[in-house]
Structure formats: structure tokens, C-alpha cells
1. Among the residues of segment 22-39, how many are under 21 Å from GLY96 (Cα atoms) and surrounded by fewer than 10 Cβ atoms within 10 Å (Cβ to Cβ)?
2. Might you check whether a residue that is open to solvent by 80 Å² or more (accessible area, probe 1.4 Å), assigned to a helix (DSSP H, G or I) and touching a residue at least 40 places away in the same chain (Cβ under 8 Å) occurs anywhere in segment 62-81?
Amino acid sequence: MIDQQSTFNEEIYLIKDKPTVILSEPWEKIPDADRLLLQKILQSVKLNLASVKIIHQTSPAVAKTRCIYFGANEVKSEGLLVQAPALSQLQNDPAGKQKLWGALKQLFGL
């Protein structure tokens, strides 16, 4: 068996898992304003909706890849998981957005 990582070790050939966005509400119930906020959050870390996996789950899971969970009480960072309040709560919370930005900078190495 050929070890592909040693055969093709340039970064361009490495397939990375997509970051995951976990929403506490189903995507269909997310208002347009909250979807726009999510797009802006993702753009701040050089991502877009097509470059992430979006799932609905009522609580965060153990993260094996970089995850952002929207539905927590406050912004927390634990390894590969950043927890934040629901998008609707972040809309009018500049301090929460600032804390989220700090956590995302660490998660994505910016």
C-alpha cells in the first residue's frame, strides 16, 4: 500500500475536512438576517457557506474537525470547538460578536 501523504506531500494535495457549523435551529427556520450574519462571520475567517458543512443539532458534539456551534449561552472555546449564542442573539450583541471573533481567530489561526 502506498502512503499518499509521503507520495503527495504538497499542501495542495492534502484533502482537509470541511469546518462544521452546528445550528441549534433547523436551517429552514433561520431568518434571512441571521443567515446574512452567518455569511459575514464565515467571511471573516475566509470561508463561505459552500466551504463548510452545516448541520442541525441541539447540543455541540465532540469536535474532530473545526466546529462552530451556535446555540450556547456564551462564547467558549474548547480545542477544535467554538461555542457561541444563537445567531439571533448575536445580532444585537457587539460584545458577544467581539468574543466570538477572538475565539474564531484562535480556531482558524488568524
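1. Residues of segment 22-39 that are under 21 Å from GLY96 (Cα atoms), as a first pass: 22-25, 30-39.
Right, trim to surrounded by fewer than 10 Cβ atoms within 10 Å (Cβ to Cβ) and you get 32.
Result for segment 22-39: 1.
2. no
The values are calculated or read from the model by the stated rules, or taken from the named source; none is laboratory data. All figures in this text were calculated on a predicted structure; none of them were measured in a lab. Note that each Cβ is placed from the backbone with ideal geometry, even for glycine, and that neighbours are counted across all protein chains shown. Surface accessibility is based on the protein's heavy atoms, side chains included, excluding ligands, DNA and RNA. Shrake-Rupley method; radii C 1.70, N 1.55, O 1.52, S 1.80 Å.
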